[in-house]
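Take a look at the structure set out below.
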Amino acid sequence: MKAYEQTLNLLKTLSLRGVASGLDEMINDAEVRKQSYITFLNTVFQAEISYRIKRRVERNMVGAHFPVLKKVDQFDFGRVKGIGKSEIVNLLDCHWIDNRENVLFFGPPGVGKTHLSIALGVNAVEKGYKVCFERVTNLIKLLKTAEIQKASEYRINRIIKADMIIIDEIGYTPIEKREANLFFSLVSETYEKASIVITSNKSFDSWAEMMGDTVMTSAMLDRLLHHARVFTLDGESYRITNQKKEV
């Protein structure tokens, strides 16, 4: 018992929490299977690696700030036009993130743009990528206060360092010129360093009017579209459809 307690103390000192939590099971399994020392060591190391990966995924899921968790298999592809299940499934391998490609979803409210963006983000986190989700209104607020509020500065720094940045609901509220410039600076800073996912109810033609600067908007779209997959969704709002069913 004394040796066992000493082992636990050593594991605690070395911060090997994954090993400590499963030590009893690993010891019993090794005794039953009459494992060699090297096999037991491999089991111990693998347990710690698996634990750390799990904890990292959990931390990154919290840090992503998803408003809800969504999965691709929860999406009704038969309800919308402009995108097929195979096109989204092909994105689940995350090679597009490795290649720093962007994904842009356009379409009216309620067709599932946010659902798909979150589903891609959740999948990316599960595969070990760092993801940040922000609605554009909150992103603008963070950018405007980053120089005076530590919390905003910390969040913006995390966004800049993310592998995948989801910017949701562009077009629902007007953007002032200063705000648009801050947004453009973020897009420029992360250009070809991270993958950006955009959801918007406004077409490209409406962005210049929305942001009040044609030249700046053109430069921004040039960066967003350089390596991008663009999907224009259409269909009846799922909220309206569900409401009709309830009625």
Quiz item: To the nearest 20 debye, what charge dipole does the stretch 157-196 have about its Cα centre, counting +1 at the Cβ of each Lys and Arg and -1 at the Cβ of each Asp and Glu?
Solution: 160 debye
Practice problem: Using only the alpha carbons, work out the radius of gyration and Dmax of the stretch 46-156 in angstrom. | Solution: 16.0, 47
Quiz item: Which one of GLN35, GLN74, GLN46 has the biggest mean-square fluctuation once the chain is modelled by GNM with Cα springs under 10 Å?
Solution: GLN35
Quiz item: Which of these, SER86, SER237, SER117, has the largest mean-square fluctuation under a Gaussian network model of the chain (Cα springs below 10 Å)?
Solution: SER86
Quiz item: What does the accessible area of TYR238 come to, in Å² to the nearest 10, when a probe of 1.4 Å is used?
Solution: 90 Å²
Quiz item: Helix 23-33 versus the longest principal axis of the chain: what angle, 0 to 90°, nearest 10, using Cα atoms?
Solution: 60 degrees
Practice problem: Measure out, as a whole number of angstrom, how far apart the alpha-carbon centroids of the stretch 37-66 and the stretch 139-180 sit. | Solution: 31 Å
Quiz item: Of VAL68, SER188, SER206, which is farthest along the charge dipole of the chain in the positive direction, counting Lys and Arg as +1 and Asp and Glu as -1 at C-beta?
Solution: VAL68
Practice problem: Enumerate the calculated ³J(HN,Hα) couplings along the stretch 120-131 in order (Karplus 6.51 cos²θ - 1.76 cosθ + 1.60, θ = phi - 60°), each rounded to whole Hz, writing x wherever the residue is Gly or Pro. | Solution: 5, x, 4, 4, 5, 4, 4, 8, x, 8, 8, 10
Quiz item: Helix-derived [θ] at 222 nm for the chain: sum -39500 (n - 2.57) over DSSP H runs of at least 4, divide by residue count, nearest 500?
Solution: -18000 deg cm²/dmol
Quiz item: In terms of modelled amide H atoms, which long-range or inter-chain residues lie less than 5 Å from the amide H of VAL103?
Solution: ILE196, VAL197, ILE198, ARG229
Quiz item: If exposed GluC sites (Glu not before Pro) are those in a DSSP loop with at most 14 other Cβ within 10 Å, what is the longest stretch of the chain that has none?
Solution: 1-146
Quiz item: So how tilted is helix 177-190 from the main axis of the chain? Cα-based, degrees 0 to 90, rounded to 10.
Solution: 40 degrees
Quiz item: Pick the calculated mean projected area of the Cα convex hull in nm² for this structure from (i) 19.1; (ii) 12.9; (iii) 14.6?
Solution: (i)
Quiz item: In debye to the nearest 20, how big a dipole does the chain give about its Cα centre with +1 on each Lys and Arg Cβ and -1 on each Asp and Glu Cβ?
Solution: 520 debye
Exercise. May I ask you to evaluate 6.51 cos²θ - 1.76 cosθ + 1.60, the Karplus curve with θ = phi - 60°, for each residue of the stretch 143-153 and list the ³J(HN,Hα) values in order in whole Hz, giving x for glycine and proline?
Key: 5, 6, 10, 4, 7, 10, 10, 4, 5, 5, 4
Exercise. Specify which residue in the list GLY107, ILE175, VAL19 is farthest towards the positive end of the charge dipole of the chain, using unit charges on the beta carbon of Lys, Arg (+1) and Asp, Glu (-1), about the Cα centre.
Key: VAL19
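The values are calculated or read from the model by the stated rules, or taken from the named source; none is laboratory data. Here the structure is a predicted model, which is why all the values come from computation and not from measurement. For neighbour counting, all protein chains shown are included, and Cβ atoms are generated from backbone atoms with ideal geometry for every residue, glycine included. Note: accessible area is taken over every heavy atom of the protein model, side chains too, but ligands, DNA and RNA are not part of it. Shrake-Rupley method; radii C 1.70, N 1.55, O 1.52, S 1.80 Å.
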